[in-house]
1. In whole angstrom, note down how far apart the Cα centers of the stretch 81-139 and the stretch 186-231 are.
2. Going by alpha carbons, how many degrees (0 to 90, nearest 10) lie between the helix axis of 142-154 and the longest principal axis of the chain?
3. Where the centre of each part is set by its Cα atoms, how far does the stretch 276-304 sit from the stretch 19-56, in angstrom?
4. Percent of Cα-Cα pairs more than 21 Å apart in the stretch 53-130, please.
5. Express as a percent, rounded to the nearest 5, the fraction of DSSP beta bridges in the chain (both residues included) that run antiparallel.
6. Going by alpha carbons, how many degrees (0 to 90, nearest 10) lie between the helix axis of 63-74 and the longest principal axis of the chain?
7. Using a/c under 1.5 as the rounded threshold, could you call the chain rounded, prolate or oblate? The axes a ≥ b ≥ c are square roots of the C-alpha gyration tensor eigenvalues, and prolate needs a/b larger than b/c, oblate otherwise.
8. How far is helix 248-257 tilted off the main Cα axis of the chain, in degrees rounded to 10, range 0 to 90?
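Read-outs throughout are calculated quantities, based only on the coordinates presented, and are distinct from any laboratory measurement. Being a predicted model, the structure only gives us computed values, none of them experimental. Cβ placement follows ideal geometry from the backbone for every residue including glycine, while neighbour counts extend to all protein chains displayed.
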Ligand SMILES: NC(=O)c1ccc[n+]([C@@H]2O[C@H](COP(=O)([O-])OP(=O)(O)OC[C@H]3O[C@@H](n4cnc5c(N)ncnc54)[C@H](OP(=O)(O)O)[C@@H]3O)[C@@H](O)[C@H]2O)c1
């Protein structure tokens, strides 16, 4: 089974139903060389994962360029088969950016445009399919962000825009000035906030699908030994046996995919076998009581 494409809003753009998150493909994780990244990209494309999620900061500003080198190794025809997403706005302290004196946000017109241009250069492409503001800044001037987006769109450098980690009111503030096609947010059983704070309600109303980061809970689920996590893991493991001896990541993804918001998970694995597993999650129709069993285990109490 190949993974399908899906419209993130009724008028597009279209992304793959599962997105490959590359945050740990580079220096912040597996530290893949360009040829190894080429193999990962090729594997993703073979199974229908055509969308790749970046941020300028990944690998302390190095992963985009390793990925760009990997793309070059795959030949020119490959770019048309994929969608590249990246983010801007966070300034990290690192030797690669000696001007960054302190971790901060910059959503000025100039910074956003420069950042997009630098990502294009690093990724060795002439357009981005989707460009996101990584985090809301208390200093965000929505009209200035809109001006930057408009310039990038008119110049053919970016095809669609969105945000990440925005509250519903922050989203609406910017959406009043420019078209946004997604809000990329954290959601998993140990962080179900989006179900309750209006984030998903608002996106359903606007017919916009969220992209979900850490859809498996990342290190919170797999590496923590806290009582709550162990209780959750017991339930997930039991359900993994019930649904055909699948792995825990399949159950966690299926749980997220059951929500009517139509989430697009950004899966952060560095292993091809786990990318393959995502197809099992797409095919798994979780029973409603099992969905609540996971929620109860994660929150530590039954619903009211
Ligand atoms: N917008 C934002 O602010 C933001 C923030 C963070 C991340 N992101 C994006 O979201 C993507 C995903 O984030 P994430 O990496 O935190 O998410 P994740 O997909 O929830 O977690 C991935 C981690 O789980 C491990 N894992 C998966 N299945 C496993 C299993 N069965 N057993 C043990 N370990 C398992 C993976 O290890 P292996 O590599 O060994 O499979 C990897 O370390 C990132 O790559 C990035 O693109 C965005």
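1. The two parts, judged by their Cα centres, are 24 Å apart.
2. It is inclined by approximately 70 degrees.
3. 27
4. On the way: 788 of 3003 pairs.
Above the 21 Å cut-off, the stretch 53-130 has 26 percent of its Cα pairs.
5. Values: 7 of 29 bridges.
Antiparallel bridges: around 25 percent, rounded to the nearest 5.
6. 90
7. On the way: a/c = 1.65, a/b = 1.34, b/c = 1.23.
Note, shape of the chain comes out prolate.
8. 70
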